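J.: Below is the structure I would like to discuss, written out as structure tokens.
The values are calculated or read from the model by the stated rules, or taken from the named source; none is laboratory data. Just so we're clear, the structure is a prediction, and the values are computed from it rather than from any experiment. Glycine also receives a Cβ, built like all others from the backbone with ideal geometry; neighbour counts cover every protein chain displayed.
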Amino acid sequence: MSVSQATGAADLAATDDLGWAVRLLAATPTHEHRDPELLRRWARAADAFGAALAPVACTARVVESEGGLELGLLARYGSRPPTVELFTDTIELAERTVDARGWRHWYPPGSVRAAALAHEAVHVHLHHGPAKAALKHALGHSALRLGRLRVPGHVAGAEEVAAHAYARTVCGLGRSPLLLTAALAAEAEAEAGSRTTPPPARDARREN
């Protein structure tokens with residue numbers, strides 16, 4: 001690992017799991033002008049909800065394919081018919097990223113695929129069962145109040161936070177998959193930058 005790689009890894013890892021959850025919510029449409037403390041409260045509630053979920057079996061059909069790198073996805077869930085698609089090219093890149101950044105103690109071999117499947121299993125669980133209403137209740141956000149009547153509201157991005165927390169817990173990871181997705185985004189950004197940045201002069205020295 002080069003000095004620059006080590007610095008980049010440290011910078012990303014310096015943000016804790018809750019911090020990455022807050023960033024996810026803040027980057028989600030409809031939350032652009034939300035109070036940061038409100039986002040933190042929602043992130044904490046969604047994380048706790050996902051971490052406390054009992055293990056759920058994935059009832060959807062599981063398929064593997066490539067093309068995830070172009071889409072920026074490790075996996076995705078489709079409801080018609082219920083299918084979890086795992087993108088092997090992104091999973092392989094994630095495993096290489098874990099090794100390159102020295103994060104193997106957080107993400108054991110094979111855990112990226114397991115976490116991706118667990119993450120999508122929660123989406124299936126929330127889509128088809130009463131857990132979605134339970135998550136809304138846990139978040140404490142009201143869409144409507146009429147006297148004592150309160151209608152729980154939807155918080156965009158909260159399901160993602162819960163799914164990441166569930167995957168971290170059920171797969172026994174040292175850090176949330178959110179950190180790994182941030183690293184993958186950084187890898188993609190660096191690769192895109194290398195394609196648009198002119199090559200250095202031939203006599204220029206490169207740091208390793």
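J.: Regarding Phe87, is this residue at pLDDT 95 or above, farther than 19 Å from Val170 by Cα and among the aromatic types (Phe, Trp, Tyr)?
T.: It is true that Phe87 is at pLDDT 95 or above, farther than 19 Å from Val170 by Cα and among the aromatic types (Phe, Trp, Tyr).
J.: Considering each residue of segment 1-51, count those that are modelled with pLDDT of 90 or more, in a helix (DSSP H, G or I) and not aromatic (Phe, Trp, Tyr), and give that number.
T.: The number of residues fulfilling the criteria is 25.
J.: A further question on this structure: So which pairs qualify, if the first residue must be in segment 157-174 and at positive phi, the second must be part of a loop (DSSP other than H, G, I, E, B), the Cβ gap must be under 6 Å, and the two must be at least 6 apart or on different chains?
T.: Gly157/Thr28
J.: A further question follows. State whether the residues of segment 92-100 include one that is over 16 Å from Arg175 (Cα atoms), without any contact (Cβ under 8 Å) to a residue 24 or more places away in the chain and of a type outside the set (A, V, I, L, M).
T.: Checked against the condition, which is being over 16 Å from Arg175 (Cα atoms), without any contact (Cβ under 8 Å) to a residue 24 or more places away in the chain and of a type outside the set (A, V, I, L, M), segment 92-100 yields at least one hit.
J.: From Gly67, Gly102, which residue is on the phi > 0 side of the Ramachandran plot and touching a strand residue (DSSP E or B) at 6+ places or on another chain (Cβ under 9 Å)?
T.: Result: Gly67 is the single residue among Gly67, Gly102 that is on the phi > 0 side of the Ramachandran plot and touching a strand residue (DSSP E or B) at 6+ places or on another chain (Cβ under 9 Å).
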